[in-house]
1. With the condition kept exactly as written, say whether any residue in region 344-351 is without any contact (Cβ under 8 Å) to a residue 60 or more places away in the chain, more than 26 Å from Glu165 (Cβ to Cβ) and open to solvent by 60 Å² or more (accessible area, probe 1.4 Å).
2. Restricted to region 203-224, and to residues that are in a helix (DSSP H, G or I) and open to solvent by 10 Å² or more (accessible area, probe 1.4 Å), which residue is nearest to the ligand (Cβ to nearest atom)?
3. What are the pairs, 6+ residues apart or on separate chains, where a residue within region 1-30 that is basic (Lys, Arg) has its Cβ under 8 Å from a residue that is open to solvent by 60 Å² or more (accessible area, probe 1.4 Å)?
4. Checking Met339 against (1) surrounded by 15 or more Cβ atoms within 10 Å (Cβ to Cβ); (2) not assigned by TED's automatic domain parsing to the domain that holds Gly48, which test does it fail?
5. So Ile34 clears everything in (1) within 29 Å of Arg269 (Cα to Cα); (2) open to solvent by less than 10 Å² (accessible area, probe 1.4 Å) except one condition, right? Which one?
6. Of the numbered conditions (1) of a type in the set (Asp, Glu); (2) farther than 20 Å from Phe330 by Cβ; (3) surrounded by 14 or more Cβ atoms within 10 Å (Cβ to Cβ), Glu121 fails exactly one; give the number of that condition.
7. Within region 352-369, which residues are within 18 Å of Val4 (Cα to Cα) and open to solvent by less than 100 Å² (accessible area, probe 1.4 Å)?
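The values are calculated or read from the model by the stated rules, or taken from the named source; none is laboratory data. These numbers were taken from a predicted model, which means no experiment stands behind them. Note that each Cβ is placed from the backbone with ideal geometry, even for glycine, and that neighbours are counted across all protein chains shown. When the accessible area is computed, the model is the full protein with side chains, heavy atoms only, and any ligands, DNA or RNA have been set aside. Shrake-Rupley method; radii C 1.70, N 1.55, O 1.52, S 1.80 Å.
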Amino acid sequence: MTKVEEGMKVPKGLAGVSITDTKISKSEADGSLIYRGYPISEVASNAGFEETAFLILKGRLPTRTELGSFIQGLRERQNVGEKVFGIMRELGGGAHPIDVIRTSTSALGSIDREPDLDRKELSLESKMSVLAANCHRVPRGEAPRTPKAGLRFSDNLLQMLTPKEATDYERWVFERVLIFYMEHDMNASSFTVMVVASTLADPYAAASAGLASLKGPLHGGANEAAMEMLLKVKDPAKAPEFLAKSFKEGKKIMGFGHRVYKEFDPRARLCKEYLHEILKKRGDDALFRLSDAIEKEMWEKKRIPPNLDFYAAPIFYSLGIEVPLYTPIFAASRIFGWMAHYNEQVEENKLIRPDSTYVGPSGLKYVPIDKRTG
Ligand code: COA
């Protein structure tokens, strides 16, 4: 273990500070990303969602039998129950979808009496996709959409998210995007999950905290903000003007930049190809040309590359998914990564309790309320 000096300071935002050893995944500034040792391109070209989830959780690829029982385990636990849908309805149409999922996750945690940790996590992982698909519609009084028997995880999530029929290629792409969202080393929400896990609170508590962290536009919320920007700019020719105005106003461009990737995000590169392919097959690649124009202008003016969110958003849009569901989709997939971090933390637990440097006043004398001025 690294020796820590008393009062040692770390950079703001813990940038560049390694806070733990992990065997789950690693992203590097040069644009490489590995899941349990496998390059992301290798995983994306060969594995399905459940196979990747097993890999992330267990640290190795499953045998056929193991994969079968993992899929079965997920399918058996998809029933969220009327009680939780009732809570969603109570929250009403104005509630933010991630708040709805977070509240529902807390509710599920209070109901789940499963003593076995593995089975408890499986239940949470399975139900998260149903919460994600329903967090926007059920609070608005619409009927819940439920999983269909026999469908794979990603196909099931897609059919719950949108009634629009997808082609085989589009369904394959959706599964890739879910795989990319599953895990990404020490991001803000996984760190949050780790902190909660280190107190030995249960997985539902950790996931609820992870969801709170995911909500922000600097993390999970960026995919929705990126799509809103694309819809606002509309015309590729308007990209320079839009960006110049945003820079002048000191605004960050959502879907661009990354703490680790400074040259390119490998997931964004792949998603860009997929988006182009989907739209070319349809004979209208206007949304691709718009995205590409914004990317080019950002690179020319700021040398900042797009991240996964920037290209996942127009893919979801092309599949007919409503914008408020983009961050919930992230959650439906990232729950598997969160649980891998939860398990890694509790296996060799040490309470995460850092220090801080006090820079406020000291030695003040108490003044009774009737003697205070101002
Ligand atoms: N748009 C415009 N400028 C950006 C930018 C963006 N999306 N991302 C970074 N920058 C600029 C910052 O303004 C800063 O400039 P300065 O040095 O002149 O002040 C510089 O690049 C460093 O940015 P900083 O925010 O300090 O780096 P970071 O490592 O903390 O940032 C993010 C990482 C993800 C928080 C940041 O890039 C961001 O806010 N992106 C937009 C939100 C987003 O897409 N989030 C999803 C991440 S996967």
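1. Filtering region 344-351 for residues without any contact (Cβ under 8 Å) to a residue 60 or more places away in the chain gives 347-348.
Adding the requirement that they be more than 26 Å from Glu165 (Cβ to Cβ) leaves 347-348.
Subset that is open to solvent by 60 Å² or more (accessible area, probe 1.4 Å): 347-348.
Yes.
2. Filtering first and then ranking leaves Glu224.
3. Every condition considered, the pairs that remain are Lys9/Thr357; Lys26/Ile34.
4. (2)
5. Tallying (1) within 29 Å of Arg269 (Cα to Cα); (2) open to solvent by less than 10 Å² (accessible area, probe 1.4 Å), Ile34 fails exactly one: (2).
6. (2)
7. Ile352, Pro354, Ser356, Thr357
So that you can scan it fast, the table gives a plain yes or no per residue for (1) open to solvent by less than 20 Å² (accessible area, probe 1.4 Å); (2) closer than 26 Å to Glu348 by Cα; (3) within 12 Å of the ligand (Cβ to nearest atom); (4) in a helix (DSSP H, G or I):
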position: Tyr169; (1), (2), (3), (4): no, no, no, yes
position: Ile179; (1), (2), (3), (4): yes, no, no, yes
position: Met229; (1), (2), (3), (4): yes, no, yes, yes
position: Lys245; (1), (2), (3), (4): no, no, no, yes
position: Lys251; (1), (2), (3), (4): no, no, yes, no
position: Tyr261; (1), (2), (3), (4): yes, no, yes, no
position: Glu273; (1), (2), (3), (4): no, no, no, yes
